[in-house]
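Below is one structure, written out as structure tokens, with a few remarks after it.
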Amino acid sequence: MIGRTERWQEDLFVAGPLRDLVPNDHLLKRVDRVLDLSWLRGEVAALYDESRGRPSIDPEAAARLMLAGFLLGLVKDRHLMREAQVNLAIRWFAGYRLTDTLPDHSSLTRIRQRWGEAVFAGLFKRIVEQCVAAGLVKGDIAHIDATLVRADVSWESLVQRHLAEVKAANDDPGETPSSEGDGPDDPDDDSPGSQRPREGRSRAGKPKKYSPTDPDATLATASKQYRMEPCFKQHTAVDDQVGIIVDVQVTTGEASEGRELERQIERIEAMIGQPLEAVTCDAGYAHAANYGLLEARGIEAIIPPQKMPRHGRGLPMALFQYDARHQIVRCPAGQVLTRRGRSSDGQGWMHHAGKAICQACHHVRNCVPPSAKARVIRVSDHYEALLRARRRHRQRDERYVQLYRRHRWRSEGVHGEMKSMHGLRRAVRRGLANMRVQSLLTATVINLKRMAKAAESLLRSNLTRYAVATRLTIRKRQPANVINADLTHAMRQHLLAA
């Protein structure tokens with residue numbers, strides 16, 4: 001017999017709460033079990049005037065709307081509020097009834113501007129602290145990596161500017177110009193140090209493109225095989241245990257991730273309340289200063305070193321032997337290069353060979369550049385730590401290999417999840433402050449997902465132990481509330497029988 005449904009017969013009343021209309025395994029319902037925003041009203045109360053004006057949107061409702069959007073990949077406010085009109089799960093998660101009027105999308109923009117970056121940083125910190133208290137963060141191993149986020153600007157908006165003009169207009173007249181390298185013999189061109197902008201590497205007067213639409217975004221690329229794009233760079237640190245993000249920061253796209261390592265470690269240890277035991281990074285962090293930093297802190301460095309750079313016709317640095325005890329360098333011919341002074345960037349020492357010795361050497365054509373009379377070697381600070389790291393990489397043990405494998409799917413996997421599921425592939429709004437808010441919200445929803453999964457696993461394991469005693473069968477992937485209801489009935493029957 002064929003059934004019939006009256007499609008146009010609308011219900012005047014809805015029987016039952018809105019919660020019952022949302023599936024038990026829905027992502028928002030699972031996250032709601034572990035989310036607590038009761039503290040938010042007191043946190044933002046000072047930003048509102050209680051003596052005048054209309055009542056604002058409830059802070060918790062606004063935060064839940066934003067979190068729901070990032071959890072479901074609806075990162076644009078217009079798209080989020082349009083979906084919230086018909087999505088029962090978003091309405092229930094944010095605390096709106098079926099007949100309640102949802103706020104306009106522009107209200108969320110004004111709320112973000114009013115709260116500022118500090119409120120969202122506090123939200124991220126509280127979630128991490130909750131994860132630490134729940135035992136989801138072990139705090140011994142951190143996987144650190146960076147990824148590029150495409151800025152919200154068009155290619156047509158890119159224009160050129162001359163670096164010399166910009167520098168002349170902004171630099172201090174009394175400042176002494178400096179460079180980041182000392183020619184072809186620099187063994188560690190990207191050695192981290194002061195936060196000098198990387199524009200200094202470009203030749204004076206060379207035109208550089210930027211977008212007036214979003215001046216904070218700079219041109220960068222993840223590989224030489226791809227063209228440079230206006231983007232930001234997100235620096236992320238992930239705990240090894242269950243993948244909780246313990247630190248996130250956003251800089252311009254051309255900022256060196258190696259220079260951020262020290263500040264990242266300080267923020268991570270302050271967040272988790274204990275020192276790290278090991279840090280894993282990719283080769284972009286393989287600088288002598290980073291190896292020396294980790295050694296000084298007693299942290300095991302799982303960072304594969306880069307290949308020795310070879311510039312021009314000169315013999316590579318690998319053929320020169322460095323004696324850290326006597327602070328000298330020996331060339332392949334056995335001659336000594338003595339230390340003469342600091343390099344111009346203040347991050348190494350210059351070792352010079354005698355002119356007469358070099359000109360009489362049979363390696364002079366392959367060793368000394370045509371523009372010089374003698375070979376000059378720059379040895380960066382903590383160079384001996386870099387040599388030890390290279391030696392360990394050649395003799396890497398099973399722990400070294402396993403930790404670096406975990407780094408690739410922990411840190412890079414988190415970035416892939418952020419971009420494919422939570423809208424981090426492209427900046428939603430313009431400006432570095434807005435990009436940091438987007439990054440903090442994305443990291444927060446990732447941690448909430450990890451918390452919800454861990455809570456369900458713990459609940460299921462505890463219920464399973466009770467179910468064994470009451471001979472209650474629990475099917476795989478059965479919703480937790482269904483298990484709880486069945487278990488309550490079974491326990492009641494067991495007590496009555498007793």
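The values are calculated or read from the model by the stated rules, or taken from the named source; none is laboratory data. Worth saying up front: this structure is predicted, and the values here are computed from it rather than measured. For neighbour counting, all protein chains shown are included, and Cβ atoms are generated from backbone atoms with ideal geometry for every residue, glycine included.
Considering only the range 206-293, give the strands (runs of 3 or more DSSP E) lying wholly within it that have at least 1 residues that are aromatic (Phe, Trp, Tyr) and surrounded by 15 or more Cβ atoms within 10 Å (Cβ to Cβ).
Values: elements: 207-210, 218-220, 229-239, 245-252, 278-280.
Filter on the range 206-293 gives 207-210, 229-239.
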Residue match in the range 73-86 (condition: modelled with pLDDT under 90 and of a type outside the set (S, T, N, Q)): no
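For the range 309-317, indicate whether the set of residues that are part of a helix (DSSP H, G or I) and surrounded by fewer than 21 Cβ atoms within 10 Å (Cβ to Cβ) is non-empty.
So the first thing to find is which residues in the range 309-317 are part of a helix (DSSP H, G or I), and the list is 317.
Restricting the remaining residues to those that are surrounded by fewer than 21 Cβ atoms within 10 Å (Cβ to Cβ) gives 317.
Yes; the residues of the range 309-317 include at least one that is part of a helix (DSSP H, G or I) and surrounded by fewer than 21 Cβ atoms within 10 Å (Cβ to Cβ).
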Neighbours by Cβ (under 6 Å, 6+ apart or cross-chain): first from the range 129-140, at positive phi and of a type outside the set (S, T, N, Q); second buried (at least 18 other Cβ atoms within 10 Å of the Cβ) and at pLDDT below 95: GLY139/ILE272
SER371, sole failed condition from (1) in the same structural domain as THR338 (by TED's automatic domain parsing); (2) part of a helix (DSSP H, G or I); (3) hydroxyl-bearing (Ser, Thr, Tyr): (2)
The one condition in (1) within 29 Å of the chain's Cα centre (by Cα); (2) more than 26 Å from GLY284 (Cβ to Cβ); (3) surrounded by fewer than 17 Cβ atoms within 10 Å (Cβ to Cβ) that ARG430 fails to fulfil: (3)
Test set (1) under 30 Å from THR218 (Cα atoms); (2) in a helix (DSSP H, G or I); (3) touching a strand residue (DSSP E or B) at 6+ places or on another chain (Cβ under 8 Å) - ARG406 fails condition number: (1)
So ARG390, is it closer than 30 Å to GLN130 by Cα, under 36 Å from the mean Cα position of the chain (by Cα) and modelled with pLDDT of 85 or more: no
Extreme residue, surrounded by the fewest Cβ atoms within 10 Å (Cβ to Cβ), among residues of the range 36-53 that are more than 21 Å from ALA454 (Cβ to Cβ) and among the aliphatic types (A, V, I, L, M): ALA46
Residue match in the range 351-358 (condition: at pLDDT 85 or above, in a loop (DSSP other than H, G, I, E, B) and under 30 Å from ALA278 (Cβ atoms)): no
Test: residue in the range 321-329 that is among the acidic types (Asp, Glu), out of contact with any Phe, Trp or Tyr (no Cβ under 9 Å at 6 or more places or on another chain) and surrounded by fewer than 16 Cβ atoms within 10 Å (Cβ to Cβ): yes
Test set (1) in contact with a Lys or Arg (Cβ under 7 Å, 6 or more places away or on another chain); (2) at pLDDT below 90 - LYS224 fails condition number: (1)
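Quick one: would you say ARG33 is under 24 Å from ASP152 (Cα atoms), surrounded by 13 or more Cβ atoms within 10 Å (Cβ to Cβ) and charged (D, E, K, R)? Even if it seems obvious, please write down each step before you answer.
Values: under 24 Å from ASP152 (Cα atoms): no; surrounded by 13 or more Cβ atoms within 10 Å (Cβ to Cβ): yes; charged (D, E, K, R): yes.
No: the conditions fail for ARG33.
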Cross-chain or 6+ apart pairs with Cβ under 7 Å, the range 343-365 first and touching a residue at least 60 places away in the same chain (Cβ under 8 Å), then basic (Lys, Arg): SER343/ARG378; GLY348/ARG378; MET350/ARG340; MET350/ARG378
